[in-house]
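The values are calculated or read from the model by the stated rules, or taken from the named source; none is laboratory data. A quick note: this is a predicted structure, and the numbers were derived from the prediction, not measured. Cβ atoms come from the backbone with ideal geometry, glycine included; neighbour counts cover every protein chain shown. Only protein heavy atoms, including side chains, enter the accessible area calculation; ligands, DNA and RNA are left aside. Shrake-Rupley method; radii C 1.70, N 1.55, O 1.52, S 1.80 Å.
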Amino acid sequence: MTLLALPDQAPDVPWPTMDWPTGTLPAGLKRGAFEALISEAFAEPASDLLGETHALLVVHGGRLAYERYGVTSGPEATQPSWSMAKSMTHALVGMLVADGKLDIHRPADVPEWQGEGDPRAAITLDQLLRMSSGLTFVEDYVPGHPSDVIAMLYGVGKSDVAHYAADLPPAHPPGSFWNYASGTSNIVARCAAQAQGGDFAAFMRERLFGPLGMTSATPKFDAAGTFIGSSYCFCTARDFARFGLLYLRDGVWEGRRLLPPGWVDYARTPTFQQAGVIDGRYGAHWWLDVGGPGSFSANGYDGQFIVVVPDLDLVVVRNGATPLDKKDALRAWMGELVSAFR
């Protein structure tokens, strides 16, 4: 499926760097279905099916076509990214690939893996981005359950999240087993900062947030100075939509290429996943198919979504607080919302 990288010279190509141009919902929208889905999402005090929806944005043709907020939120309120930050980490790696500072197909530069005979030394950045490193990591958010992600973010690993993840033993040969693991994103974030070799927060502002006009973007770093690329970049819903639009436009912004050619296609190229995986298809730090075939998305805990739908020239952002036991219902709701545009 072709991405919509439109030339800046075209007079009808809007860029929301300073402010979002507004538009209207498309004439072909199934309005009855759309309105029913919106009513469910913003039910008070909360939807029995979806939990709380704090923000919902629809960008069509590069224009803000629909925007609604919950009673405790609004356009200036920053929302948590949770794992949508992983997709931002993917963008930052792409920029360093374009700079010639990273090669995703070479073994990752990870100090913990440099001992003689350490099998982890063969793990590449590509395998980390595809959640196929083979490292041990338990991604469980249920209190009281064994969980590496909770230990990494809130427990013994919180001061140095990349070291915590990199110090875990291998469970499978690299590339042979898919396991969604927030720890791998923090290893990637540290590798990116090492390759960049300077003030990584300034790099993020100058190369990603600044050009897009993401003025609200607030990344979080641990005590070791590593961007917690698994989980923490707070933004307004409008700024999350700007990030989604960058990927809809194939990494081009105002006629300037920010991501290397083919990098967005790399994000949405399916990764090998063994039988029995139930969370959906995965690319490289982006999920696939939430908005139907050809769509790809940044997904986060508690029901955060940036869904990119190239064939509809559409970006949908949803922020909220959805309990774990309702996550499948929310995923289905997101698919139905996009289907209303088909």
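Could you say which residue among 44, 76 is within 18 Å of residue 323 (Cβ to Cβ) and either assigned to a loop (DSSP other than H, G, I, E, B) or of a type in the set (Phe, Trp, Tyr) (or both)?
44
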key: the range 258-291 - residue that is surrounded by fewer than 15 Cβ atoms within 10 Å (Cβ to Cβ), touching a residue at least 40 places away in the same chain (Cβ under 8 Å) and of a type in the set (A, V, I, L, M, F, W, C) and, of those, nearest to residue 99 (Cα to Cα)   = 272
ask   = In this structure, is residue 106 surrounded by 11 or more Cβ atoms within 10 Å (Cβ to Cβ) and over 23 Å from the mean Cα position of the chain (by Cα)?
value = no
request  = Inspect the range 55-70 for any residue being open to solvent by 40 Å² or more (accessible area, probe 1.4 Å), assigned to a loop (DSSP other than H, G, I, E, B) and among the acidic types (Asp, Glu) and give the result as yes or no.
outcome  = no
inquiry  = Looking at (1) in contact with a helix residue (DSSP H, G or I) (Cβ under 9 Å, 6 or more places away or on another chain); (2) open to solvent by 10 Å² or more (accessible area, probe 1.4 Å); (3) of a type in the set (Val, Ile, Thr), which one does residue 308 not meet, given that it meets all the others?
reply    = (2)
inquiry  = Condition first: in contact with a helix residue (DSSP H, G or I) (Cβ under 8 Å, 6 or more places away or on another chain), in a loop (DSSP other than H, G, I, E, B) and among the charged types (D, E, K, R). Now tell me which residues in the range 101-128 satisfy that.
reply    = 101, 103, 106, 109
inquiry  = It is to be established whether one or more residues within the range 123-131 are β-branched (Val, Ile, Thr) and under 13 Å from residue 185 (Cα atoms).
reply    = yes
message = Given the criteria over 21 Å from residue 242 (Cβ atoms) and open to solvent by less than 30 Å² (accessible area, probe 1.4 Å), does residue 47 qualify?
response = yes
query = Within the range 322-335, is even one residue of a type in the set (S, T, N, Q) and surrounded by fewer than 23 Cβ atoms within 10 Å (Cβ to Cβ)?
reply = no
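Please return the ranges of strands (runs of 3 or more DSSP E) entirely within the range 279-342 where 1 or more residues are at pLDDT 95 or above, of a type outside the set (Phe, Trp, Tyr) and closer than 18 Å to residue 25 by Cβ.
On the way: elements: 296-300, 304-309, 314-321.
Once the strands (runs of 3 or more DSSP E) in the range 279-342 are filtered for at least 1 residues that are at pLDDT 95 or above, of a type outside the set (Phe, Trp, Tyr) and closer than 18 Å to residue 25 by Cβ, what remains is 304-309, 314-321.
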